[in-house]
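Undergrad: Handing you this structure, nothing more for now.
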């Protein structure tokens with residue numbers, strides 16, 4: 001599990017670091033609270049739609065890993081081809097939605113200056129939508145074939161490019177005779193889009209090299225489109241995408257609700273959310289490794305191996321997140337201070353980091369259990385568990401604490417914690433039942 005998970009952890013941390021670098025850079029602009037709030041609103045809206053729609057492509061984890069486990073490389077290549085076709089269609093849908101988003105945003109009861117900054121940020125991010133989906137698809141193929149290290153290298157180097165782009169485009173610079181104007185928050189989004197283009201090109205080159213070395217047969221993969229495969233990818237992936245949408249959308253809803261409280265609570269929420277999202281990337285990467293290892297075990301008709309892989313992933317996720325909980329709790333002030341020197345923003349962030357420390361363990365368990373279940377072909381359990389945990393239980397509790405008992409942003413985050421506890425408990429129970437069924441299936 002660690003052999004595959006460690007490069008993926010490095011990759012996911014690199015992915016999240018782009019958002020953190022953007023937030024830190026924007027946090028050092030004039031009027032830090034306003035700019036962080038604008039970036040927060042734009043980022044959460046983009047991520048909610050992007051990863052909810054792109055989540056449909058998570059079905060590739062199941063089909064690619066099981067095909068690889070069975071040694072059917074030609075079958076895996078056909079799934080990749082249809083994944084690319086599906087990714088192109090999904091990217092077009094997202095690009096249209098993001099372009100139209102400002103038409104809806106300006107009707108929200110949020111400070112207009114925040115909304116204006118968010119619209120500008122979204123426009124810049126949208127340039128990177130096609131390459132984001134290309135990267136997402138190619139990555140699934142590489143990790144299913146146990147080539148995870150290049151993904152980590154791609155994201156680490158992309159972060160360096162994103163940092164350089166932020167420095168040049170947000171604040172403006174003169175390089176010899178070349179004058180680069182200060183683009184502010186638009187520059188932060190544009191730097192991210194450029195980094196995503198680099199990511200996609202890196203993986204294209206990597207797959208060409210892997211094919212030349214291992215000869216998986218990509219050059220001769222099926223060229224015509226089979227509607228049945230597109231339908232299978234969509235039907236299996238839709239619940240997985242729905243789960244991601246449900247999970248990110250709850251944070252989007254909370255962001256909107258906190259946005260009605262003003263720029264200061266929203267900026268504190270953005271920093272705390274960046275930190276919680278950063279730690280979440282570790283079990284999220286382990287979850288991807290779990291989907292691959294469980295899928296490969298099932299493809300090899302080794303149910304005990306598949307079951308052990310899932311439990312190993314959940315143990316690793318819980319252990320990592322417990323460690324992060326200690327760090328967030330004892331170093332909350334130092335972490336907030338790293339984002340911005342603004343004392344008011346720091347004071348708004350620290351209480352939320354304490355709540356984040358509390359729910360780390362449950363977050364680690366639920367996402368790794370989701371990955372294990374996805375490897376076994378179950379993408380519905382996560383969707384149902386998250387919908388009930390977050391929307392039916394967590395959000396009402398959060399609204400009660402925030403608006404009736406006047407705990408503000410902290411109350412909403414406490415509601416999220418309740419939802420995570422429910423989802424974690426449910427998914428662990430479902431995975432336990434799944435493992436029993438896997439082991440009981442006779443091996444031919």
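Read-outs throughout are calculated quantities, based only on the coordinates presented, and are distinct from any laboratory measurement. Only a predicted model underlies this, so the values are computations on that prediction, with no experimental measurement involved. No Cβ is skipped: glycine too gets one built from the backbone with ideal geometry, and neighbour counts run over all protein chains shown.
Undergrad: What length, rounded to one decimal in nm, is gained on full extension from residue 201 through to residue 99, with 0.36 nm per residue of separation minus their alpha-carbon distance?
TA: Extra length available between residue 201 and residue 99 comes to 34.3 nm.
Undergrad: May I ask you to order 89-99, 377-387 by the average number of other C-beta atoms within 10 Å around their residues, highest value first?
TA: Taking the mean over residues of other Cβ atoms within 10 Å, the ranking is 377-387, 89-99.
Undergrad: Per residue of the chain, what 222 nm ellipticity follows from adding -39500 (n - 2.57) for every DSSP H run with n ≥ 4, rounded to the nearest 500?
TA: -28500 deg cm²/dmol
Undergrad: Another question about this same structure. Compute the angle between helix 303-330 and the longest alpha-carbon principal axis of the chain, please, reported from 0 to 90 degrees and rounded to the nearest 10.
TA: 20
Undergrad: How tilted is helix 112-126 with respect to the longest principal axis of the chain? Cα atoms for both, answer in degrees (0 to 90, nearest 10).
TA: 30
Undergrad: Pairs of alpha-carbon atoms within less than 8 angstrom and 6+ residues apart define the contacts here; what relative contact order does the chain have, in percent?
TA: 23
Undergrad: What is the calculated FRET efficiency for residue 180 to residue 436, with r their C-beta to C-beta distance and R₀ = 56 Å, to the nearest 0.05?
TA: 0.40
Undergrad: Enumerate the whole-percent occupancy of each 10 Å bin, from 0 to the last occupied one, for all C-alpha pair distances of the stretch 236-323.
TA: 15, 31, 31, 15, 6, 1
Undergrad: What's the extension gain from residue 315 to residue 215 if we count 0.36 nm per residue and subtract their Cα-Cα distance?
TA: The residue 315-residue 215 span can extend by a further 32.5 nm.
Undergrad: Between residue 392 and residue 235, what is the spin-label point distance in nm, taking each point 7 Å from the Cα along the Cα→C-beta axis?
TA: Reported label-point gap for residue 392 and residue 235 is 2.5 nm.
Undergrad: Relative to the longest principal axis of the C-alpha atoms of the chain, give the angle of the C-alpha long axis of helix 129-144, reported between 0 and 90° and rounded to the nearest 10°.
TA: For helix 129-144, the angle is close to 40 degrees.
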